[in-house]
1. Can you list residues whose amide H is under 5 Å from B:Val16's amide H, if they're 5+ apart or on another chain and H is modeled 1.01 Å from N?
2. Where a Cα-Cα gap under 29 Å defines reach, which lysines qualify for A:Lys83, not counting those fewer than 8 residues away within the same chain?
3. Among DSSP beta bridges whose residues both lie in chain B, state the antiparallel percentage, nearest 5.
4. Using a 1.4 Å probe on the protein heavy atoms, what percent of the accessible area of the protein assembly as shown belongs to carbon and sulfur?
5. Give me the dipole magnitude in Debye, nearest 20, for the range A:124-248 about the Cα centre, with unit charges on the beta carbon: positive for Lys and Arg, negative for Asp and Glu.
6. At what distance in nm do the modelled label points of B:Asn129 and A:Gln239 sit from each other, each positioned 7 Å from its Cα along Cα→Cβ?
7. Run through every distinct alpha carbon pair of the range A:151-207 and return the Kirkwood hydrodynamic radius in angstroms, one decimal place.
8. In whole angstrom, how far apart do the alpha carbon centroids of the range B:92-146 and the range A:139-172 sit?
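The values are calculated or read from the model by the stated rules, or taken from the named source; none is laboratory data. Note that the structure is predicted; figures quoted are calculated from it, not measured. Don't worry about glycine lacking a Cβ; one is built from the backbone with ideal geometry, like all the others, and counts go over all protein chains shown. Calculation scope for accessible area: heavy atoms of the full protein, side chains included, ligands and nucleic acids excluded. Shrake-Rupley method; radii C 1.70, N 1.55, O 1.52, S 1.80 Å.
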Amino acid sequence: MKKTLLFPAYYLGTILPRLFHALGEVFIFIGDIIRYGIKPPFRFKLILEQMEFIGVNSLFIILLSGAFTGMVFVFQTGQAFFKFNAETITGSVVAIALGRELAPVLTALMITGRAGSAMAAQIGTMRVTQQIDALVALRVEPINYLVVPRVIASICMFPLMTGIFDMVGMLGGYFVGVGLLDINKGAFITNIEWYVRPDDIMSGLIKAFFFGFIASAICCYKGYFTTNGTRGVGLATTQAVVISFVSILISDYFLTVLLYNHA
Amino acid sequence: MLEIKNLSKSFGKQKVLDGLNLICKKHETTVIIGRSGEGKSVLLKHFIGLLRPDSGSVLVEGTDITKLHDKGLKKIRARFGYLFQDSALFDFFNVYENVSFPLREHTSLTEPQIREIVKTKLELVGLPNVENKKVHELSGGMRKRVGLARAIVLDPEIILYDEPTTGLDPVMTDAIGELIQKTQKELNITTILISHDISSTFKIADKIALLYEGKIILEGNKEEFTANTNPIVRQFLEGTCHGPMRMAL
Ligand SMILES: Nc1ncnc2c1ncn2[C@@H]1O[C@H](COP(=O)(O)OP(=O)(O)O)[C@@H](O)[C@H]1O
Ligand SMILES: [Mg+2]
């Protein structure tokens, strides 16, 4: 009885300090990323390698998921719009939904699942096998060497992949809308030109930039502070992906409010 | 000279080092022995500031490195070579890239010059022609040797070895022991080494220090150790589980 009554107090007393401690660590880590990111040496070769890993190697899954997302979205909304003879606006609705939400969010989730988990696992393995200690002993800043290139590559590649997702999504949507649902080709396109503004696409790319930063920082953070040997690496990887996913979805809401509340 | 004064270090509630004192003389080989889990690696990491103590000081030629930050620490670390317990080779690099890494980071040598130095160091550790091997293709003994080549590639004044022979067969253990002695003599350096292996310790040590329950309970040369009657020392030297030393489980 007493215990249940005290539960909220217990909760506040133990969980909150830990949460604040973790948050503090994250902010210090982000500060370090910026500090070592603007200080030489600038590691262009490592950045390019990471860009290849994060971007180029994700191309296929982005093409595939982009195309099918556009296709299913047109299929669903197109059928609904037919009911009140507004099917010609399907294209513009899908373009706006893709540009503002679906492309940046789904791209971020896909790349994080693939490349973010690898970041946490690689850096975590380096931590538990003392390779990070070895970097320090050899006077190489681990944040500068391991984390900064991954973060820079992510904030470049997340928007680029989002743009590609937009394009193949629209192509897939056009294929289903015009080819399958028989929406008038001219009207489908004219409506896109009429209703979709460059802002709708741009804002999605801005979101992708932030998602890239958030996901890569979280995944590197989780890897960097891995403890408890190889079991810890598995745990760090899982947590990195879960926390990144949740953070992407939560920050998406706030970015949306910031980007659109004046429109 | 390296001097550790009153060093204490805890992880959470676990007190690992408890007011430890130790002196390692220049150009000598100091061997630190002790059971596993006793805190030997923790102690070694304090020499180059990989861990910060809760209290106490670590003096390198009179400079207290526990008071130093980024720049000062880097200067001190430049004088050390560190062979980690599990070699800590970079697994995304091959052997050549591992050994040449410090040269690339800290010198402006040309590629042919780097190639030449790497070749010399790999020959010194008895591993010619392995430059293109991947890390996961190497045996435990080869890894230690490559780790040593990487540690000495910038010609340090002091080398720290964390269990260079653990997990190796007796022949390889002896070979690495001789390699450490050879490195010590040829480069005229200061060696600090962690070991479990009593016979190779007696062979190469100028001074032996026994770590027990967070303190160095005996420092001295081979003769002083063999003559000592402290039951804990006897138990460790004889390698028996019967005695006052509790088992670390
Ligand atoms: N970074 C760390 N965090 C928490 N505990 C640690 C850490 N490093 C070492 N320890 C603990 O300190 C003790 C001594 O470890 P270590 O120095 O590795 O022993 P050994 O003498 O075998 O080298 C062990 O119980 C280990 O669990
Ligand atoms: Mg150890």
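1. Residues meeting the criterion, in which the H sits 1.01 Å from N, are B:Lys9, B:Ser10, B:Phe11.
2. Those lysines meeting the cut-off are A:Lys185.
3. Counting only bridges with both partners in chain B, antiparallel ones make up about 55 percent.
4. C and S atoms contribute 63 percent here.
5. Dipole about the Cα centre, nearest 20: 480 debye.
6. Spacing of the two 7 Å Cα→Cβ label points: 4.8 nm.
7. 12.8 Å
8. First find each Cα centre; the distance between them is then 32 Å.
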